[in-house]
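The values are calculated or read from the model by the stated rules, or taken from the named source; none is laboratory data. As the structure is a prediction and not an experimental result, all values here were calculated from the model. Every residue, glycine among them, receives a Cβ derived from its backbone with ideal geometry; neighbour counts consider all protein chains shown.
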Amino acid sequence: MKMLIKAPAKINLSLDVLYKRDDGFHELEMIMTTIDLADRIELELLDENRIVVQSQTRFVPDDERNLAYKAASLVKDRFSINKGVAIKIDKNIPVAAGLGGGSSDAAAVLRGLNKLWNLQLSIDELAQLGAEIGSDVSFCVYGGTALAKGKGEVITPLPAPPKCWVVLAKPSIGVSTGEIYKKLELENLEHPDTQAMLEAINTSNYEKMCRNLSNVLESVTLNLHPEVKQIKRDMKRFGADAVLMSGSGPTVFALVQHDSRMQRIYNGLRGYCNQVFAVRILGQPNE
Ligand SMILES: C[C@@](CO)(OP(=O)(O)O)[C@H](O)COP(=O)(O)OP(=O)(O)OC[C@H]1O[C@@H](n2ccc(N)nc2=O)[C@H](O)[C@@H]1O
Ligand SMILES: Nc1ncnc2c1ncn2[C@@H]1O[C@H](COP(=O)(O)OP(=O)(O)O)[C@@H](O)[C@H]1O
């Protein structure tokens, strides 16, 4: 039996770090939403007891290090399943980009195997399993738009943000999320106004949402990688309503409502950045 599942990327509209926890992780307060840029995952059940991962890109591992593999392995162990699965990943989301691609692939595998192996787990139970794989996997299980707290796994759903275009550009550098958190100077942060962003989304106020885009991790990544700063400057110059780095970066996104400005930013960035996308904000939960 085969199943096809969409695994959408996320962006962080707001990302605050409150403090460093005793377990070494950071206590977060983030507002995240899904966008219409997605990997496609094909699951095929196997009678043999093994997990096979395949993808067309050399940038992701095809063994037990793959987050999709980890998701399948976790489900198999937890529910003592002696069958296997072949996972094909059609990768469209840039890797190690701050867009949660690996987390979304893992979440898609959890949702898919729940159906294919008839496990009858609730979405909350799947999200709890997801948290064992990575901090962003729980959010990706629900999809849509949410306030994420804790390490990222304590999720409160929110309505979809106002309709707009998201233009994304990823410079050809990779960042390690762990390194960025490690370099963060907690004493000198300019904290986002999470409450104002919540109000903007709850009242569907586009201008207020744009005014309150904020990410404390920019303080680290922008200093390490001046090209990220340059992309932000250019997006503003080409007419973006607001611009922010997603997650730990290095992808930067611009929000715009007018089609013509979206085109101008897209074309302008394409001149020197080879991974540029113009997509719609989705913000709707997974079916
Ligand atoms: C920064 C964010 C924002 O959405 O996204 P990305 O840039 O990765 O997309 C997330 O917090 C990333 O989540 P995720 O990529 O799942 O992180 P994990 O694999 O769980 O952790 C990677 C490393 O980041 C650090 N980490 C992560 C989450 C957290 N709340 N505190 C941390 O200090 C830890 O050092 C951990 O070893
Ligand atoms: N299915 C997957 N897709 C993308 N990256 C994966 C996957 N499985 C494991 N990885 C590894 O996870 C790391 C983070 O990838 P990704 O989820 O794309 O980035 P980010 O956490 O910045 O959004 C990369 O180093 C990559 O090699």
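Screening segment 28-49 for residues that are over 12 Å from the mean Cα position of the chain (by Cα) and surrounded by 14 or more Cβ atoms within 10 Å (Cβ to Cβ) and picking the one that is nearest to residue 107 (Cα to Cα) gives 41.
Between 172, 214, the distinction of being more than 16 Å from ligand 1 (Cβ to nearest atom) and either basic (Lys, Arg) or touching a residue at least 40 places away in the same chain (Cβ under 8 Å) (or both) belongs to 172 only.
Only residues that are among the hydroxyl-bearing types (Ser, Thr, Tyr), farther than 15 Å from residue 7 by Cβ and exposed (fewer than 15 other Cβ atoms within 10 Å of the Cβ) were counted across segment 50-92, and they come to 1. Only residues in segment 266-287 that are more than 28 Å from residue 230 (Cβ to Cβ) count as the first member; pair them with residues that are modelled with pLDDT of 95 or more and exposed (fewer than 14 other Cβ atoms within 10 Å of the Cβ), Cβ under 7 angstrom, at least 6 apart or cross-chain, and list the lot. Here the result reads 285/157, each pair linking segment 266-287 to a residue that is modelled with pLDDT of 95 or more and exposed (fewer than 14 other Cβ atoms within 10 Å of the Cβ).
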